[in-house]
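Chemist: Structure below; questions to follow.
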Amino acid sequence: MSRWSAEGLPTDELSIQNGILTNYASRWPLCIDPQMQAVNWIKTKESKNPFEILTFNMGDFIKRLEISIKFGKSVLFEAIDEELDPMIDPVLEKNIVKEAGVNMLTLGD
């Protein structure tokens, strides 16, 4: 928790619970973050690793997501509305299948 605090996560109980969920949950976290505290914390935390910041308004977000997955980069989607683009459902649902001993994920076509 002290490392998270040094990375910019507030030390209130709700933020600490969100930090635990973000780091240890088996599903992808969704942060509703009007004050941008979680976003700033995630950006600081991931700054040591290659990661992509994407929005659904980008024309090439699917291609960039595909490349990020292929090379093991983390992805942060920002400024999402009430609905998520269904193109990323296979990622969110972790629809990973093993073909010829290789883990595969079908994204789009």
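Chemist: Using modelled amide H (1.01 Å from N, peptide plane; none on Pro or chain starts), what sits under 5 Å from the amide H of GLU52, excluding residues fewer than 5 places away?
Modeler: HN-HN under 5 Å from GLU52: SER74, VAL75, LEU76.
Chemist: Given the chain, what count of lysine pairs have C-alpha atoms under 21 Å apart, with each pair 8 or more places apart or on different chains?
Modeler: Qualifying lysine pairs in the chain: 11.
Chemist: Can I ask one more? So for SER68, SER2, SER47, fewest C-beta neighbours within 10 Å to most, what's the order?
Modeler: Placing the least packed residue first, the sequence is SER2, SER47, SER68.
Chemist: Could you tell me what percent of the DSSP beta bridges with both partners in region 16-109 are antiparallel, to the nearest 5?
Modeler: Of the beta bridges lying entirely in region 16-109, close to 50 percent run antiparallel.
Chemist: OK, next. What do you get when you divide the Cα radius of gyration of region 26-83 by 2.2 N^0.38 Å, with N the number of residues?
Modeler: Cα Rg divided by the expected 2.2 N^0.38 Å: 1.15.
Chemist: Which percent of Cα pairs goes in each bin when the distances of region 1-48 are cut into 10 angstrom slices starting at zero?
Modeler: 28, 62, 10
Every number here is computed from the coordinates shown, using simple stated rules; none is lab data. Predicted model only: the values in this text are computed from it and were never measured. As a convention, Cβ positions derive from the backbone with ideal geometry for all residues, glycine included, and neighbour counts pool all protein chains shown.
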